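The values are calculated or read from the model by the stated rules, or taken from the named source; none is laboratory data. Small disclaimer: the values here were computed from a predicted structure and weren't measured. Quick reminder, even Gly has a Cβ in these numbers, built from the backbone with ideal geometry, and neighbours come from all protein chains shown.
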Number of protein chains: 2
Amino acid sequence: MNQTQAVAEQFTKFYYDTFDRNRTELASLYRDPSMLTFEGVQTQGVNSIVEKLVSLPFQKVAHRISTVDAQPSNPNNQSIVVTVTGQLLIDDETNPQMFTQTFNLIADGGSFWVYNDIFRLNYA
Amino acid sequence: MNQTQAVAEQFTKFYYDTFDRNRTELASLYRDPSMLTFEGVQTQGVNSIVEKLVSLPFQKVAHRISTVDAQPSNPNNQSIVVTVTGQLLIDDETNPQMFTQTFNLIADGGSFWVYNDIFRLNYA
C-alpha cells in the first residue's frame, strides 16, 4: 500500500471512531479555514463545524467503512483527497443508510487536518 | 448560487454529457499529472485515463446526477473539489446503479482540468 492510501485509511478510521464515540473531539481535526458541506448545508470554521456535527439529531451512531480511495491533491503541498463510501446506523435502527464523504486533508508536521469535508447520504 | 458551485455544476453537466456521448472526448479534461481511481484501480496521465474509460465494458451509458457539492480546495490556487452522487444506466438495463464521483479541478485561464478523479459504485 502506498503512503497516501495508508494515511487516508488511518485518518478515516480515527475520524469515524471519534465521531461514533464523542463528536466534540472532532474539533482537533478542523481549523478556522475548514469547510463542511453536510447534506448540502455549508458551514466554515472549527466551532461552526463541530456545532453542526454535535447538533445532528441522533444519540448513537456507528459508521461502517466500505471503501477508502485516496490521491495526492496538490502538486505543491502535502495534501490528500479521500473519498469514503460506507454505511451508518443511527440510534436503534437496524437498516443502515449508505453515505459518501470526501475529505481534503492538509499536512502540518506529522499530522493532517481537514480543509474540505463533503458529506452525503445516498438514496436509492 | 456562489461561483464555486456554479463552476462545479457546469463542469459536471459537461463531463457526463460528454461521457455518455463519446468517452474519447474526455481527453480534453485531463492532463499528464491527472489521476483516476476507478473502482479502486489507479491510473495516471491523460492517455491511460482515457484508455481506461473507453475500455469500460458497456456500449451505452447514461448518468443521472442527484447531488453536486463543491468547495474551494486550496487556499493558494484556484481549485475546486466536487463530489457528485447519482445513478447510471448501462446498455439496456432498467435498474440504475448508484455512484459517487469526486473531482478536484484546477483552473487554467478560463477553464478547469481534472487533477483528481475518484469513482465508486455504491452497493447497498
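Would a scan of region A:50-63 turn up a residue that is of a type in the set (A, V, I, L, M) and more than 15 Å from the chain's Cα centre (by Cα)?
Taking region A:50-63 first, the residues of a type in the set (A, V, I, L, M) are A:50, A:53-54, A:56, A:61-62.
If we keep only those that are more than 15 Å from the chain's Cα centre (by Cα) as well, we get none.
Within region A:50-63, none of the residues are of a type in the set (A, V, I, L, M) and more than 15 Å from the chain's Cα centre (by Cα).
If a residue has to be over 22 Å from B:Ser28 (Cβ atoms) and touching a helix residue (DSSP H, G or I) at 6+ places or on another chain (Cβ under 7 Å) to count, how many in region B:45-101 make the cut?
Qualifying residue count for the region: 2.
In this structure, does A:Val82 turn out to be under 22 Å from B:Asn116 (Cβ atoms), of a type in the set (Val, Ile, Thr) and more than 9 Å from chain B (Cβ to nearest Cβ)?
Details: under 22 Å from B:Asn116 (Cβ atoms): yes; of a type in the set (Val, Ile, Thr): yes; more than 9 Å from chain B (Cβ to nearest Cβ): no.
Criteria not met by A:Val82.
Every residue in region A:50-74 that is more than 20 Å from A:Thr37 (Cα to Cα), modelled with pLDDT under 95 and more than 9 Å from chain B (Cβ to nearest Cβ), please.
Within region A:50-74, A:Gln59, A:Lys60 qualify.
Look at region A:1-29 and say how many of its residues are within 13 Å of another protein chain (Cβ to nearest Cβ) and either modelled with pLDDT under 95 or more than 18 Å from A:Phe99 (Cβ to Cβ) (or both). Working first, answer last.
The first filter runs over region A:1-29 and keeps only residues within 13 Å of another protein chain (Cβ to nearest Cβ), leaving A:1-2, A:4-5, A:8-9.
Applying the additional criterion that residues be either modelled with pLDDT under 95 or more than 18 Å from A:Phe99 (Cβ to Cβ) (or both) yields A:1-2, A:4-5.
Here the count works out to 4.
Residue by residue, here is whether (1) surrounded by fewer than 16 Cβ atoms within 10 Å (Cβ to Cβ); (2) out of contact with any strand residue (DSSP E or B) (no Cβ under 7 Å at 6 or more places or on another chain); (3) not small (Gly, Ala, Ser) holds:
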{"position": "B:Ala6", "(1), (2), (3)": "yes, yes, no"}
{"position": "B:Asp17", "(1), (2), (3)": "yes, yes, yes"}
{"position": "B:Thr24", "(1), (2), (3)": "yes, yes, yes"}
{"position": "B:Arg31", "(1), (2), (3)": "yes, no, yes"}
{"position": "B:Phe38", "(1), (2), (3)": "no, no, yes"}
{"position": "B:Val41", "(1), (2), (3)": "yes, yes, yes"}
{"position": "B:Val46", "(1), (2), (3)": "no, no, yes"}
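Could you list, in sequence order, all residues of region A:51-90 that are among the β-branched types (Val, Ile, Thr) and within 22 Å of B:Ala70 (Cβ to Cβ)? Quick ask: steps written out before the conclusion?
The first filter runs over region A:51-90 and keeps only residues among the β-branched types (Val, Ile, Thr), leaving A:54, A:61, A:65, A:67-68, A:80-85, A:90.
If the condition is that a residue be among the β-branched types (Val, Ile, Thr) and within 22 Å of B:Ala70 (Cβ to Cβ), then A:Thr67, A:Val68, A:Ile80, A:Val81, A:Val82, A:Thr83, A:Val84, A:Thr85 are the ones that fit.
Go through region B:36-68 and give me each residue that's part of a strand (DSSP E or B), touching a residue at least 60 places away in the same chain (Cβ under 8 Å) and not polar (S, T, N, Q). I'd like the intermediate steps shown before the answer.
Pass one, region B:36-68, residues part of a strand (DSSP E or B): B:36-38, B:41-44, B:61-68.
Of the ones still in play, those that are also touching a residue at least 60 places away in the same chain (Cβ under 8 Å) are B:36-38, B:68.
Correct list: B:Leu36, B:Phe38, B:Val68.
Just to check your reading of the model, which residue among B:Asn77, B:Asn116, B:Asn104, B:Asn122 is in contact (Cβ under 8 Å) with a residue 12 or more places away in the chain, within 18 Å of A:Gly86 (Cα to Cα) and at the interface with chain A (Cβ under 8 Å from one of its Cβ atoms)?
Numbers: B:Asn77 fails: within 18 Å of A:Gly86 (Cα to Cα); B:Asn116 fails: within 18 Å of A:Gly86 (Cα to Cα); B:Asn104 fails: within 18 Å of A:Gly86 (Cα to Cα).
The conditions single out B:Asn122.
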